[in-house]
1. Pick from A:GLU89, A:GLU128: which is more than 8 Å from every other protein chain (Cβ to nearest Cβ), in a helix (DSSP H, G or I) and open to solvent by 40 Å² or more (accessible area, probe 1.4 Å)?
2. Quick one: B:PHE339 ticks every box in (1) open to solvent by less than 90 Å² (accessible area, probe 1.4 Å); (2) modelled with pLDDT of 80 or more; (3) under 20 Å from B:PRO293 (Cβ atoms) except a single one, so which number is it?
3. In this structure, is A:GLN141 surrounded by fewer than 18 Cβ atoms within 10 Å (Cβ to Cβ), more than 17 Å from the chain's Cα centre (by Cα), among the polar types (S, T, N, Q) and away from chain B (no Cβ under 14 Å)?
4. Given (1) surrounded by fewer than 20 Cβ atoms within 10 Å (Cβ to Cβ); (2) within 26 Å of B:ASN363 (Cα to Cα), identify the lone condition not met by B:ALA286.
5. Mind listing just one residue for me: the one in the stretch B:253-273 that is within 14 Å of chain A (Cβ to nearest Cβ) and touching a residue at least 24 places away in the same chain (Cβ under 8 Å) and, of those, surrounded by the most Cβ atoms within 10 Å (Cβ to Cβ)?
6. In the stretch B:70-123, which residues are part of a loop (DSSP other than H, G, I, E, B) and open to solvent by less than 60 Å² (accessible area, probe 1.4 Å)?
7. Which one of these is in contact (Cβ under 8 Å) with a residue 24 or more places away in the chain and either under 30 Å from B:TYR274 (Cβ atoms) or crowded, with 17+ Cβ neighbours inside 10 Å (or both): B:LEU130, B:LEU161, B:LEU150, B:LEU157?
8. In this structure, is B:GLU250 at the interface with chain A (Cβ under 7 Å from one of its Cβ atoms) and either touching an Asp or Glu at 6+ places or on another chain (Cβ under 8 Å) or surrounded by fewer than 22 Cβ atoms within 10 Å (Cβ to Cβ) (or both)?
Amino acid sequence: MAVTETNGHAYAEDAEIIHCAGVHKWYGEFHVLRDINLSVRRGERIVICGPSGSGKSTLIRCLNRLEEHQKGRIVIDGIELTGNLKNIELVRREVGMVFQHFNLFPHLTVLENCTLAPIWVRRRPKKEAESEAMQYLERVQIADQAHKYPGQLSGGQQQRVAIARSLCMKPKIMLFDEPTSALDPEMVKEVLDVMVGLASSGMTMLCVTHEMGFAKSVADRVIFMDRGEIVEQNTPDLFFTNPKSDRTRLFLSQILSH
Amino acid sequence: MSGNADTTPLAAGERPPSTVVGPLAWLRANLFNTWYNAILTILIAWAIIRTVPPLIEWAVIDAAGFGATSEMCREATGACWGFVREKLRFILFGTYPYDEQWRPLATVALFILLLGASCDRRFWKPWFGLVWLAGLVAAGVLMWGGVFGLTYVENTLWGGLPLTLILSVIGLSVAFPISILLALGRRSDMPAVKAICVAYIELIRGVPLISLLFMASVMFPLFLPTGVTIDKLLRAQIAFIMFAAAYMAEAIRGGLQAIPKGQYEAADGLGLSYWQKMGKIILPQALAISIPPLVNTFISFFKDTSLVIIIGLYDLLGTAKAALTDPAWRGYYREAYLFIGLIYWAFCYFMSKYSQWLEKDLNRMRRR
């Protein structure tokens, strides 16, 4: 695969799909992201963990520019995220996002939630968008609810619809922002099952989550963030058995203690 | 064995005691449940007894009926409904040429038909805008004439109900899209757009409608080059549109603020453009929330059209007032105002009822 060039700088490895270099972000005076350097290969599955307020959500929200970074560069699939609106829209088409609170559109049916963006952004014919959406709804096992409204579904069902809605855009990258945190315990598994299925299909995934079981079984790499920095990253095996930094050890002892 | 009284099955057909159900219990629970409610109930009952029978006496028993002449009216101690019959066409159609008054009647019927059809959500499609446009053109042809063998009628002769409907329906339907743009502009990230929208809304909301109408009728022509005149009715119409847009924009802004941030983020995350996001996701939800304050604005503007009387246009209220100046029928203002009050009320009550239904209908599918 060709080396991607932007502004004359060759930076990408062949398979690199996300490239962050020296990324900083501030909320007013508060320094949320400090010198983030991150490279993600195509098809890589990454779990990002860390204490609350560590900047992990902010980081993945910068990757589709729901948040703006103030310093450094972020390049997604060869397109650099800057103030350029065209580029932002191009990146957002290729990057799906699943939110903690699902954020389904309550005035549209499940099927309409899934077909809206393919029809209006990808300009797909309605019939095709619908039959594709039904395939994805089938995949998250919720096709029988296609004509209901989100308010009529349980949290777990809504989150599965949200995943299908993102997949309908055929994204190259999927971002998950604590997808199971707002769910009742008995519904966590149905959502994780869908995510495990997605991981095995070769999707590039970045997932902010506290589900360490998911991290162990699915992730290629676990990233630990604290106070806006990437403190440590490693394969799940080494990350959980042999954490290098004290902060990681403290965090792991807190979340794995019971 | 459980000795718990709660689990003892009720005897078949056992009824709750009469202290809980039945008319006496209802009275107790709703009218006499506390000592101050009991006092209020008695006071209101007394007020009803004092006012309602005399009203019926005046309006029905002692009244001269619709067929009464002015002589018969002078003898009657009650209401004179003959006045309303005598002046009906003048109140409804003003100074529009008497023999041509089927034209404003047809215009009113056309408006009511269009409004009625617009209530059906199946017609909420882009093509229905064309139907409205055709309807407005037809109304214009009917009112002005000058084509198809209809005699030309200057719009200074228009008056009564058609004028009220024209001012309010055209005013509100033109103001509505403008108000959406203003509301979006007020929440825009672009400082210039935001400043213009805020300035406009605050400026217009800060002056009384009457002063705006005066400006439109007296001051505005001063700024026009000599020889150029804009019709008085059109100027009043523009003043109405400007005023209504500012108020409706604030109602819609309230709705926009109620939409959770997650909805914007989900739409952004899917790659929707600004206008797609607003048109498909945000506005459909925000407008549904804005229905009560919007209808509030609609109703008050429908009635505020009566203010055009101060710049010499005769809407429904104006024609009723003018009808009272007839020496033969002097002094029947109670009948006149009751009659037009009833017409205004019928329209406003319908708007209110329709909005309640619409609100329910839009919410029905969402929350269950």
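The values are calculated or read from the model by the stated rules, or taken from the named source; none is laboratory data. Quantities reported herein were computed from a predicted structural model and do not represent experimental measurements. For neighbour counting, all protein chains shown are included, and Cβ atoms are generated from backbone atoms with ideal geometry for every residue, glycine included. Ligands, DNA and RNA are stripped out before the accessible areas are found, and what is left, the full protein with its side chains, is counted by its heavy atoms. Shrake-Rupley method; radii C 1.70, N 1.55, O 1.52, S 1.80 Å.
1. The match here is A:GLU128.
2. Result: B:PHE339 passes all but (3).
3. Yes; evaluated as a whole, the condition is true for this residue.
4. (1)
5. Kept after step one, since they are within 14 Å of chain A (Cβ to nearest Cβ), are these residues of the stretch B:253-273: B:255, B:258-273.
Cutting the leftovers down to touching a residue at least 24 places away in the same chain (Cβ under 8 Å) gives us B:255, B:258-259.
Details: B:GLY255: 21, B:ALA258: 11, B:ILE259: 15.
The selected residue is B:GLY255.
6. The answer is B:ALA76, B:GLY78, B:ALA79, B:GLY94, B:TYR96, B:PRO97, B:GLN101, B:CYS119, B:ASP120.
7. None of the other options fit; the residue is B:LEU161.
8. It is false that B:GLU250 is at the interface with chain A (Cβ under 7 Å from one of its Cβ atoms) and either touching an Asp or Glu at 6+ places or on another chain (Cβ under 8 Å) or surrounded by fewer than 22 Cβ atoms within 10 Å (Cβ to Cβ) (or both).
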